[in-house]
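Working notes, beginning with the structure itself.
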Amino acid sequence: MARIVQKFGGTSVADITRIKSVARRVKREVDAGNQVAVVVSAMSGVTNQLVAWTNDLAEIPDAREYDVVVASGEQVTAGLTALALQEIGVPARSFLGWQVPIETDGSHGKARIGGIPTESLRGCMDAGVVAVVAGFQGVGPGDRVTTLGRGGSDTSAVALAAALQAERCDIFTDVDGVYTTDPRIVAKARKLDKITYEEMLEMASLGAKVLQTRSVELAMNHRVRVQVLSSFTDAPGTLVVDEDEIVEQQVVSGIAYSRDEAKVTLVKVADRPGVAAAIFGPLSAGAINVDMIVQNISEDGTTDLTFTVAKADLARTVKVLEEQRGTLVYQALKPDSNVVKISVIGVGMRSHTGVAQLMFKTLADKGINIQVISTSEIKVSVLIAEEYTELALRALHTAYGLDV
Ligand code: ADP
Ligand code: ASP
Ligand code: MG
(Lines give C-alpha, C1' and ligand atoms only; values in the text may rest on other atoms or scores of the structure.)
(Ligands and ions follow the chains in the order given, each with its own letter.)
Protein backbone atom coordinates (compact mmCIF):
# COMPACT_ATOMS: atom_id res chain seq x y z
CA MET A 1 0.00 0.00 0.00
CA ALA A 2 1.29 3.43 -0.93
CA ARG A 3 0.25 6.94 -0.09
CA ILE A 4 -0.13 9.06 -3.23
CA VAL A 5 -1.28 12.55 -4.19
CA GLN A 6 -3.27 13.12 -7.39
CA LYS A 7 -3.81 16.70 -8.58
CA PHE A 8 -6.39 17.64 -11.19
CA GLY A 9 -6.20 20.99 -13.01
CA GLY A 10 -8.98 23.21 -14.32
CA THR A 11 -9.80 21.41 -17.57
CA SER A 12 -9.76 18.07 -15.73
CA VAL A 13 -12.61 19.26 -13.48
CA ALA A 14 -14.27 21.56 -16.03
CA ASP A 15 -17.77 20.09 -15.64
CA ILE A 16 -19.70 17.30 -13.95
CA THR A 17 -18.79 14.75 -16.63
CA ARG A 18 -15.09 15.50 -16.15
CA ILE A 19 -15.41 15.36 -12.36
CA LYS A 20 -17.06 11.93 -12.63
CA SER A 21 -14.15 10.80 -14.79
CA VAL A 22 -11.70 12.11 -12.17
CA ALA A 23 -13.57 10.13 -9.50
CA ARG A 24 -13.21 6.94 -11.56
CA ARG A 25 -9.47 7.56 -11.92
CA VAL A 26 -9.10 8.07 -8.18
CA LYS A 27 -11.14 4.89 -7.54
CA ARG A 28 -8.64 2.88 -9.60
CA GLU A 29 -5.87 3.88 -7.17
CA VAL A 30 -8.06 3.16 -4.16
CA ASP A 31 -8.99 -0.25 -5.59
CA ALA A 32 -5.28 -0.95 -6.06
CA GLY A 33 -4.92 -0.56 -2.29
CA ASN A 34 -3.46 2.96 -2.19
CA GLN A 35 -4.26 5.79 0.21
CA VAL A 36 -5.11 8.81 -1.89
CA ALA A 37 -5.13 12.56 -1.27
CA VAL A 38 -6.70 14.43 -4.18
CA VAL A 39 -5.98 18.11 -4.89
CA VAL A 40 -8.32 20.00 -7.20
CA SER A 41 -8.22 23.32 -9.03
CA ALA A 42 -11.25 25.44 -9.84
CA MET A 43 -13.20 24.57 -12.99
CA SER A 44 -11.36 26.05 -16.00
CA GLY A 45 -12.18 29.72 -16.53
CA VAL A 46 -13.64 30.18 -13.06
CA THR A 47 -10.58 31.78 -11.44
CA ASN A 48 -10.25 34.22 -14.36
CA GLN A 49 -13.87 35.23 -13.87
CA LEU A 50 -13.39 35.71 -10.12
CA VAL A 51 -10.28 37.84 -10.68
CA ALA A 52 -12.16 39.93 -13.27
CA TRP A 53 -14.96 40.63 -10.79
CA THR A 54 -12.54 41.94 -8.17
CA ASN A 55 -11.07 44.23 -10.85
CA ASP A 56 -14.53 45.43 -11.85
CA LEU A 57 -15.07 46.60 -8.30
CA ALA A 58 -11.75 48.10 -7.36
CA GLU A 59 -8.78 49.51 -9.23
CA ILE A 60 -6.38 47.88 -6.79
CA PRO A 61 -8.46 45.28 -4.90
CA ASP A 62 -7.72 44.77 -1.21
CA ALA A 63 -5.47 41.70 -1.22
CA ARG A 64 -7.30 39.95 1.62
CA GLU A 65 -10.70 40.24 -0.04
CA TYR A 66 -9.18 39.31 -3.41
CA ASP A 67 -8.08 36.03 -1.81
CA VAL A 68 -11.50 35.38 -0.26
CA VAL A 69 -13.06 35.76 -3.71
CA VAL A 70 -10.57 33.88 -5.88
CA ALA A 71 -10.18 30.96 -3.46
CA SER A 72 -13.87 30.13 -3.82
CA GLY A 73 -13.53 28.26 -7.12
CA GLU A 74 -11.63 25.43 -5.47
CA GLN A 75 -14.22 25.08 -2.70
CA VAL A 76 -16.83 24.14 -5.30
CA THR A 77 -14.70 21.50 -7.05
CA ALA A 78 -13.48 19.98 -3.77
CA GLY A 79 -17.05 19.42 -2.62
CA LEU A 80 -18.21 18.15 -6.01
CA THR A 81 -15.27 15.75 -6.32
CA ALA A 82 -15.97 14.33 -2.86
CA LEU A 83 -19.62 13.85 -3.86
CA ALA A 84 -18.65 12.18 -7.15
CA LEU A 85 -16.42 9.74 -5.24
CA GLN A 86 -19.14 8.94 -2.72
CA GLU A 87 -21.56 8.27 -5.58
CA ILE A 88 -19.34 5.47 -6.89
CA GLY A 89 -18.86 3.95 -3.47
CA VAL A 90 -15.58 5.57 -2.48
CA PRO A 91 -15.69 7.22 0.95
CA ALA A 92 -14.39 10.78 0.58
CA ARG A 93 -14.22 14.02 2.55
CA SER A 94 -13.35 17.52 1.35
CA PHE A 95 -10.87 19.84 3.07
CA LEU A 96 -10.50 23.58 2.51
CA GLY A 97 -7.10 25.16 3.09
CA TRP A 98 -7.87 26.20 6.67
CA GLN A 99 -9.23 22.77 7.54
CA VAL A 100 -6.05 20.87 6.64
CA PRO A 101 -4.53 23.40 7.62
CA ILE A 102 -2.23 24.58 4.82
CA GLU A 103 -0.39 27.25 6.80
CA THR A 104 1.00 30.17 4.81
CA ASP A 105 2.58 33.55 5.35
CA GLY A 106 0.51 36.70 4.95
CA SER A 107 1.52 37.71 1.41
CA HIS A 108 -1.97 37.59 0.00
CA GLY A 109 -2.25 36.66 -3.65
CA LYS A 110 1.17 34.97 -3.65
CA ALA A 111 1.43 33.36 -0.23
CA ARG A 112 4.13 30.82 0.57
CA ILE A 113 3.40 27.63 2.45
CA GLY A 114 5.11 27.47 5.84
CA GLY A 115 3.97 24.09 7.09
CA ILE A 116 1.26 21.49 6.79
CA PRO A 117 0.31 19.60 9.97
CA THR A 118 -0.92 16.28 8.60
CA GLU A 119 -2.86 14.78 11.53
CA SER A 120 -6.31 15.49 10.12
CA LEU A 121 -5.47 14.24 6.63
CA ARG A 122 -3.67 11.16 7.92
CA GLY A 123 -6.60 10.40 10.22
CA CYS A 124 -8.95 10.61 7.27
CA MET A 125 -6.79 8.50 4.95
CA ASP A 126 -5.98 5.89 7.61
CA ALA A 127 -9.72 5.42 8.03
CA GLY A 128 -9.94 4.52 4.33
CA VAL A 129 -11.42 7.86 3.30
CA VAL A 130 -10.07 9.80 0.31
CA ALA A 131 -9.11 13.34 1.32
CA VAL A 132 -10.10 15.86 -1.34
CA VAL A 133 -8.16 19.08 -0.76
CA ALA A 134 -9.02 22.44 -2.32
CA GLY A 135 -5.86 23.53 -4.14
CA PHE A 136 -4.48 27.07 -4.45
CA GLN A 137 -5.59 28.15 -0.97
CA GLY A 138 -4.22 28.27 2.53
CA VAL A 139 -4.67 30.03 5.83
CA GLY A 140 -2.47 32.92 6.89
CA PRO A 141 -1.93 35.05 9.98
CA GLY A 142 -5.16 35.98 11.72
CA ASP A 143 -6.86 32.94 10.16
CA ARG A 144 -7.38 34.80 6.89
CA VAL A 145 -7.80 32.90 3.63
CA THR A 146 -4.72 33.17 1.39
CA THR A 147 -3.97 32.04 -2.16
CA LEU A 148 -0.69 30.82 -3.61
CA GLY A 149 -0.51 32.71 -6.92
CA ARG A 150 -1.95 31.70 -10.28
CA GLY A 151 -1.39 28.03 -11.05
CA GLY A 152 -0.87 27.44 -7.32
CA SER A 153 -2.73 24.13 -7.06
CA ASP A 154 0.42 22.43 -8.36
CA THR A 155 2.21 23.81 -5.33
CA SER A 156 -0.57 22.67 -2.98
CA ALA A 157 -0.19 19.15 -4.38
CA VAL A 158 3.60 18.95 -4.15
CA ALA A 159 3.63 20.49 -0.66
CA LEU A 160 1.05 17.94 0.49
CA ALA A 161 3.02 15.10 -1.08
CA ALA A 162 6.12 16.26 0.80
CA ALA A 163 4.25 16.63 4.10
CA LEU A 164 2.54 13.24 3.72
CA GLN A 165 5.79 11.65 2.52
CA ALA A 166 3.81 10.36 -0.41
CA GLU A 167 5.36 7.87 -2.78
CA ARG A 168 4.47 10.05 -5.75
CA CYS A 169 2.63 13.18 -6.81
CA ASP A 170 0.70 12.86 -10.07
CA ILE A 171 -0.21 16.15 -11.75
CA PHE A 172 -3.08 15.53 -14.17
CA THR A 173 -3.62 18.19 -16.81
CA ASP A 174 -4.82 18.66 -20.39
CA VAL A 175 -1.59 17.57 -22.10
CA ASP A 176 0.04 14.19 -21.54
CA GLY A 177 3.33 15.44 -20.19
CA VAL A 178 6.04 18.06 -20.40
CA TYR A 179 6.99 18.74 -24.00
CA THR A 180 10.09 20.28 -25.57
CA THR A 181 7.93 23.38 -25.96
CA ASP A 182 4.23 24.28 -25.69
CA PRO A 183 2.53 21.62 -27.85
CA ARG A 184 -0.36 24.01 -28.47
CA ILE A 185 1.96 26.27 -30.46
CA VAL A 186 4.51 23.91 -31.97
CA ALA A 187 2.86 20.83 -33.48
CA LYS A 188 6.27 19.13 -33.74
CA ALA A 189 6.93 19.44 -29.99
CA ARG A 190 8.13 16.18 -28.48
CA LYS A 191 7.02 14.69 -25.18
CA LEU A 192 9.86 14.15 -22.72
CA ASP A 193 9.87 10.88 -20.77
CA LYS A 194 11.98 12.55 -18.12
CA ILE A 195 13.16 16.06 -17.32
CA THR A 196 15.54 17.17 -14.56
CA TYR A 197 14.26 19.25 -11.64
CA GLU A 198 16.64 22.00 -12.67
CA GLU A 199 15.45 22.17 -16.26
CA MET A 200 11.82 21.97 -15.20
CA LEU A 201 12.44 24.82 -12.77
CA GLU A 202 13.88 26.99 -15.56
CA MET A 203 11.12 26.00 -18.00
CA ALA A 204 8.46 26.91 -15.43
CA SER A 205 10.03 30.17 -14.34
CA LEU A 206 10.58 31.17 -17.98
CA GLY A 207 6.93 30.74 -18.82
CA ALA A 208 5.97 27.07 -19.38
CA LYS A 209 2.72 27.07 -17.42
CA VAL A 210 2.49 23.30 -17.16
CA LEU A 211 3.82 23.43 -13.56
CA GLN A 212 3.91 26.41 -11.21
CA THR A 213 7.54 27.39 -10.52
CA ARG A 214 7.18 27.12 -6.76
CA SER A 215 5.90 23.54 -7.06
CA VAL A 216 9.07 22.50 -8.87
CA GLU A 217 11.23 24.23 -6.25
CA LEU A 218 9.44 22.32 -3.51
CA ALA A 219 9.66 19.04 -5.40
CA MET A 220 13.39 19.56 -5.88
CA ASN A 221 14.04 20.46 -2.25
CA HIS A 222 11.97 17.61 -0.83
CA ARG A 223 12.76 15.10 -3.56
CA VAL A 224 9.08 14.57 -4.37
CA ARG A 225 8.54 12.24 -7.34
CA VAL A 226 6.41 14.38 -9.61
CA GLN A 227 4.79 13.03 -12.72
CA VAL A 228 2.87 15.14 -15.26
CA LEU A 229 0.14 13.30 -17.15
CA SER A 230 -3.18 13.71 -18.91
CA SER A 231 -6.53 13.15 -17.24
CA PHE A 232 -7.99 12.54 -20.71
CA THR A 233 -5.89 9.51 -21.69
CA ASP A 234 -3.88 6.71 -20.11
CA ALA A 235 -0.67 7.63 -21.94
CA PRO A 236 2.51 7.59 -19.84
CA GLY A 237 3.53 11.08 -18.73
CA THR A 238 6.75 12.90 -17.89
CA LEU A 239 8.71 12.18 -14.75
CA VAL A 240 10.66 15.00 -13.09
CA VAL A 241 13.95 13.46 -11.91
CA ASP A 242 17.53 14.04 -10.77
CA GLU A 243 20.14 14.71 -13.42
CA ASP A 244 21.83 11.32 -12.95
CA GLU A 245 18.60 9.52 -13.89
CA ILE A 246 18.81 10.88 -17.42
CA VAL A 247 20.80 8.66 -19.73
CA GLU A 248 20.95 10.66 -22.93
CA GLN A 249 21.13 14.36 -22.22
CA GLN A 250 20.34 16.81 -25.03
CA VAL A 251 22.21 20.11 -25.10
CA VAL A 252 18.90 21.97 -25.32
CA SER A 253 15.98 20.13 -23.78
CA GLY A 254 13.25 22.72 -24.08
CA ILE A 255 12.12 26.13 -25.27
CA ALA A 256 9.82 28.33 -23.22
CA TYR A 257 8.08 31.62 -23.90
CA SER A 258 6.49 34.23 -21.70
CA ARG A 259 4.07 36.91 -22.78
CA ASP A 260 3.91 38.18 -19.22
CA GLU A 261 6.77 40.67 -19.55
CA ALA A 262 6.87 44.26 -20.71
CA LYS A 263 9.77 46.44 -21.78
CA VAL A 264 10.62 49.93 -20.54
CA THR A 265 13.20 52.13 -22.25
CA LEU A 266 14.59 55.29 -20.70
CA VAL A 267 15.96 57.41 -23.51
CA LYS A 268 19.04 59.55 -22.98
CA VAL A 269 19.66 59.03 -19.28
CA ALA A 270 22.72 60.79 -17.89
CA ASP A 271 25.59 58.26 -18.06
CA ARG A 272 27.21 58.71 -14.64
CA PRO A 273 27.70 56.72 -11.42
CA GLY A 274 24.56 56.19 -9.36
CA VAL A 275 22.08 56.35 -12.21
CA ALA A 276 21.22 52.64 -12.25
CA ALA A 277 20.70 52.81 -8.49
CA ALA A 278 18.44 55.85 -8.92
CA ILE A 279 16.27 53.88 -11.33
CA PHE A 280 16.19 50.45 -9.77
CA GLY A 281 16.17 51.55 -6.13
CA PRO A 282 12.66 53.05 -6.25
CA LEU A 283 11.39 50.08 -8.31
CA SER A 284 12.65 47.62 -5.76
CA ALA A 285 11.19 49.74 -2.95
CA GLY A 286 7.86 49.44 -4.78
CA ALA A 287 8.25 45.61 -4.89
CA ILE A 288 8.60 45.69 -8.67
CA ASN A 289 10.84 42.91 -9.98
CA VAL A 290 13.15 43.77 -12.83
CA ASP A 291 14.20 40.87 -15.04
CA MET A 292 16.34 41.64 -18.11
CA ILE A 293 18.48 44.79 -18.33
CA VAL A 294 20.50 46.28 -21.17
CA GLN A 295 22.38 49.56 -21.28
CA ASN A 296 23.58 51.07 -24.53
CA ILE A 297 26.82 53.02 -24.55
CA SER A 298 26.64 56.41 -26.19
CA GLU A 299 29.13 59.17 -26.70
CA ASP A 300 27.36 62.33 -25.63
CA GLY A 301 27.32 61.52 -21.92
CA THR A 302 23.88 59.93 -22.04
CA THR A 303 22.73 56.37 -22.49
CA ASP A 304 19.55 54.46 -23.34
CA LEU A 305 18.59 51.97 -20.67
CA THR A 306 16.13 49.16 -21.35
CA PHE A 307 14.73 46.65 -18.87
CA THR A 308 11.76 44.34 -18.43
CA VAL A 309 9.16 44.00 -15.68
CA ALA A 310 6.02 41.88 -15.34
CA LYS A 311 3.27 43.17 -17.64
CA ALA A 312 1.05 43.45 -14.59
CA ASP A 313 3.56 45.90 -13.05
CA LEU A 314 4.03 48.11 -16.13
CA ALA A 315 1.63 50.89 -15.16
CA ARG A 316 3.11 51.08 -11.66
CA THR A 317 6.65 51.09 -13.08
CA VAL A 318 5.88 54.09 -15.28
CA LYS A 319 4.29 55.88 -12.33
CA VAL A 320 7.26 55.24 -10.03
CA LEU A 321 9.77 56.46 -12.64
CA GLU A 322 7.76 59.56 -13.43
CA GLU A 323 7.74 60.39 -9.73
CA GLN A 324 11.59 60.32 -9.85
CA ARG A 325 11.69 62.90 -12.62
CA GLY A 326 13.21 65.49 -10.27
CA THR A 327 16.31 63.44 -9.41
CA LEU A 328 16.45 61.25 -12.50
CA VAL A 329 17.11 63.09 -15.75
CA TYR A 330 16.04 61.44 -19.00
CA GLN A 331 14.61 62.55 -22.31
CA ALA A 332 11.76 60.07 -22.70
CA LEU A 333 10.22 57.00 -21.12
CA LYS A 334 8.91 54.38 -23.53
CA PRO A 335 6.80 51.49 -22.19
CA ASP A 336 6.16 48.60 -24.58
CA SER A 337 4.01 45.59 -23.74
CA ASN A 338 4.15 44.15 -27.24
CA VAL A 339 7.05 41.81 -26.44
CA VAL A 340 7.66 38.14 -25.69
CA LYS A 341 10.58 36.49 -23.95
CA ILE A 342 11.81 33.31 -25.61
CA SER A 343 14.26 31.05 -23.75
CA VAL A 344 16.19 27.92 -24.68
CA ILE A 345 17.00 25.68 -21.73
CA GLY A 346 19.29 22.74 -21.16
CA VAL A 347 21.77 21.48 -18.57
CA GLY A 348 23.94 20.38 -21.53
CA MET A 349 24.80 24.07 -22.09
CA ARG A 350 27.27 23.84 -19.24
CA SER A 351 29.54 21.70 -21.40
CA HIS A 352 28.65 22.88 -24.91
CA THR A 353 29.40 26.13 -26.68
CA GLY A 354 27.57 27.77 -29.56
CA VAL A 355 24.07 27.42 -28.11
CA ALA A 356 23.45 31.17 -27.92
CA GLN A 357 25.02 31.75 -31.32
CA LEU A 358 22.62 29.25 -32.94
CA MET A 359 19.71 31.08 -31.33
CA PHE A 360 20.85 34.48 -32.63
CA LYS A 361 21.52 33.15 -36.13
CA THR A 362 18.19 31.32 -36.36
CA LEU A 363 16.27 34.45 -35.37
CA ALA A 364 18.33 36.63 -37.71
CA ASP A 365 17.63 34.27 -40.63
CA LYS A 366 13.92 34.82 -40.00
CA GLY A 367 14.40 38.60 -39.87
CA ILE A 368 13.51 38.76 -36.17
CA ASN A 369 15.19 41.57 -34.23
CA ILE A 370 16.51 40.77 -30.74
CA GLN A 371 15.82 43.61 -28.29
CA VAL A 372 17.35 42.31 -25.05
CA ILE A 373 19.42 39.22 -24.17
CA SER A 374 20.05 37.52 -20.85
CA THR A 375 21.83 34.29 -20.03
CA SER A 376 22.52 31.96 -17.14
CA GLU A 377 24.38 28.68 -16.85
CA ILE A 378 21.60 26.61 -18.39
CA LYS A 379 19.51 29.06 -20.41
CA VAL A 380 19.59 31.86 -22.97
CA SER A 381 16.66 34.29 -23.15
CA VAL A 382 15.87 36.93 -25.75
CA LEU A 383 13.17 39.55 -25.93
CA ILE A 384 11.49 39.99 -29.33
CA ALA A 385 8.30 41.55 -30.71
CA GLU A 386 5.27 39.53 -29.66
CA GLU A 387 3.98 38.93 -33.19
CA TYR A 388 6.97 36.67 -33.88
CA THR A 389 6.24 34.23 -31.00
CA GLU A 390 5.05 31.31 -33.12
CA LEU A 391 7.59 31.85 -35.90
CA ALA A 392 10.49 32.05 -33.44
CA LEU A 393 9.41 29.03 -31.41
CA ARG A 394 9.01 26.84 -34.48
CA ALA A 395 12.28 27.95 -36.08
CA LEU A 396 14.27 27.42 -32.86
CA HIS A 397 12.62 24.07 -32.23
CA THR A 398 13.81 22.89 -35.63
CA ALA A 399 17.25 24.50 -35.30
CA TYR A 400 18.03 22.69 -32.03
CA GLY A 401 16.95 19.35 -33.51
CA LEU A 402 13.95 18.95 -31.24
CA ASP A 403 11.25 18.30 -33.87
CA VAL A 404 9.55 14.89 -33.79
P1 ADP B 1 -3.98 22.94 -15.46
O2 ADP B 1 -5.24 23.71 -15.49
O3 ADP B 1 -4.20 21.45 -15.58
O4 ADP B 1 -3.09 23.30 -14.30
P5 ADP B 1 -2.35 24.58 -17.19
O6 ADP B 1 -3.09 25.30 -18.27
O7 ADP B 1 -1.96 25.34 -15.99
O8 ADP B 1 -3.20 23.29 -16.81
O9 ADP B 1 -1.03 23.91 -17.80
C10 ADP B 1 -1.11 23.07 -18.94
C11 ADP B 1 -0.78 23.85 -20.19
O12 ADP B 1 0.59 24.23 -20.18
C13 ADP B 1 -0.91 23.07 -21.49
O14 ADP B 1 -2.23 23.10 -21.99
C15 ADP B 1 0.09 23.76 -22.43
O16 ADP B 1 -0.55 24.63 -23.34
C17 ADP B 1 0.94 24.60 -21.50
N18 ADP B 1 2.38 24.39 -21.72
C19 ADP B 1 3.30 25.38 -21.88
N20 ADP B 1 4.51 24.88 -22.08
C21 ADP B 1 4.40 23.52 -22.04
C22 ADP B 1 5.33 22.44 -22.17
N23 ADP B 1 6.64 22.66 -22.38
N24 ADP B 1 4.86 21.17 -22.07
C25 ADP B 1 3.56 20.95 -21.85
N26 ADP B 1 2.63 21.93 -21.72
C27 ADP B 1 3.03 23.21 -21.80
N1 ASP C 1 -7.43 27.99 -10.02
C2 ASP C 1 -6.16 28.63 -9.82
C3 ASP C 1 -5.74 29.37 -11.08
O4 ASP C 1 -6.44 29.34 -12.07
C5 ASP C 1 -5.09 27.69 -9.35
C6 ASP C 1 -4.72 26.61 -10.33
O7 ASP C 1 -5.42 26.37 -11.31
O8 ASP C 1 -3.69 25.95 -10.10
O9 ASP C 1 -4.72 30.01 -11.08
MG1 MG D 1 -1.88 24.95 -13.95
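The values are calculated or read from the model by the stated rules, or taken from the named source; none is laboratory data. Nothing here was measured: the structure is a model prediction, and the numbers come from that model. Cβ sites come from the backbone with ideal geometry, for glycine too, and all protein chains shown count toward neighbours. Keep in mind that these areas ignore ligands, DNA and RNA; they rest on the heavy atoms of the full protein, side chains included. Shrake-Rupley method; radii C 1.70, N 1.55, O 1.52, S 1.80 Å.
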Cα gyration tensor of the chain - equivalent ellipsoid semi-axes, whole Å, descending = 40, 27, 17
Helix 46-57 vs. the chain, principal-axis angle (Cα, 0 to 90°, nearest 10) = 60
Per GNM of the chain with C-alpha springs under 10 angstrom, the most fluctuating residue out of 158, 22, 76 is 76
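Provide the percentage of antiparallel DSSP beta bridges, counting only those with both residues in the chain; round to the nearest 5.
60
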Accessible-area value, residue 365, 1.4 Å probe, nucleic acids and ligands omitted, Å² | 110
Probe 1.4 Å, all chains present, heavy atoms only: residue 352 accessible area in Å², nearest 10, is 100
Which percent, to the nearest 5, of DSSP beta bridges fully inside segment 99-256 are antiparallel?
-> 50
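Which loop-located chymotrypsin sites (Phe, Trp or Tyr not before Pro) does segment 184-286 contain, where loop means any DSSP state but H, G, I, E or B and the Cβ has at most 16 other Cβ atoms within 10 Å? Walk me through the numbers before you get to the answer.
On the way: sites: 197, 232, 257, 280; in loops: 232.
Answer by residue number: 232.
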Set of segment 240-277 residues, backbone N closer than 12 Å to the point 7 Å along the Cα-Cβ line of residue 374 = 261-264
Mind running the shape call on segment 310-389? Use the C-alpha gyration tensor, a ≥ b ≥ c as the square roots of the eigenvalues: rounded below 1.5 for a/c, prolate if a/b tops b/c, oblate otherwise.
-> prolate
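Taking only DSSP H segments of four or more residues, each worth -39500 (n - 2.57), what value at 222 nm results for the chain once the sum is divided by all its residues, to the nearest 500 deg cm²/dmol? Mind showing how you got there, number by number?
Details: 12 runs with 133 residues, N = 404.
That calculation yields -10000 deg cm²/dmol at 222 nm.
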Classified through the alpha carbon gyration tensor (a ≥ b ≥ c as square roots of its eigenvalues; rounded if a/c is under 1.5, else prolate when a/b is larger than b/c, else oblate), segment 242-352 comes out prolate
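With the cut-off at 17 Å, report for segment 219-306 the share of all Cα pairs above it, as a whole percent.
The proportion of pairs with Cα distances above 17 Å equals 70 percent.
Based on the alpha-carbon gyration tensor of segment 14-127 and its eigenvalue square roots a ≥ b ≥ c, which shape applies: rounded if a/c is under 1.5, prolate if not and a/b is larger than b/c, or oblate? Before the final figure, lay out the partial values.
Details: a/c = 3.29, a/b = 1.54, b/c = 2.14.
Oblate shape, in that a/c is at least 1.5 and b/c is the bigger or equal ratio.
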Give me the angle, in degrees from 0 to 90, between the Cα long axis of helix 314-323 and the longest principal axis of the Cα atoms of the chain, rounded to the nearest 10.
-> 40
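Exceeding 20 Å between C-alpha atoms, which entries from my cross-link table qualify? They are 194/366; 194/341; 209/379; 110/263.
On the way: 194/366 31 Å; 194/341 25 Å; 209/379 17 Å; 110/263 23 Å.
With Cα atoms farther than 20 Å apart: 194/366; 194/341; 110/263.
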With label points set 7 Å from each Cα along the Cα-to-Cβ direction at residue 298 and residue 386, the distance between them in nm comes to 2.7
When the charge dipole of the chain is computed with +1 at the Cβ of Lys and Arg and -1 at the Cβ of Asp and Glu, the Cα pointing farthest to the positive end, of 145, 219, 6, is that of 6
Given the options 341, 311, 194, which has the most mean-square fluctuation in a GNM of the chain, springs set between C-alpha atoms less than 10 angstrom apart?
-> 311
Contour minus Cα-Cα span, residue 247 to residue 358, at 0.36 nm per residue, comes to 37.5 nm
Sequence of 104, 11 from largest to smallest accessible area, 1.4 Å probe | 11, 104
Just read off the accessible area of residue 153 with the full protein assembly in place, 1.4 Å probe, to the nearest 10 Å².
-> 10
Relative to the Cα centre, what is the charge dipole magnitude of segment 102-182, using +1 at the beta carbon of each Lys and Arg, -1 at the beta carbon of each Asp and Glu, and rounding to the nearest 20 debye?
-> 280
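Given +1 on the Cβ of Lys and Arg, -1 on the Cβ of Asp and Glu, and no further charges, what dipole in debye does the chain carry about its Cα centre, rounded to the nearest 20? If you can, show how the numbers build up before the last one.
Numbers: 40 positive and 49 negative charges, 90 e Å.
So the magnitude is around 440 debye.
Students sometimes get this wrong: rank 68, 339 by accessible area, probe 1.4 Å, all chains present, largest first. Write out the running numbers ahead of the final one.
Details: 68 65, 339 0 Å².
The ordering from most to least exposed comes out as 68, 339.
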Hey, what angle do you get for helix 355-365 against the long axis of the chain, alpha-carbon based, 0 to 90 degrees rounded to 10?
-> 70
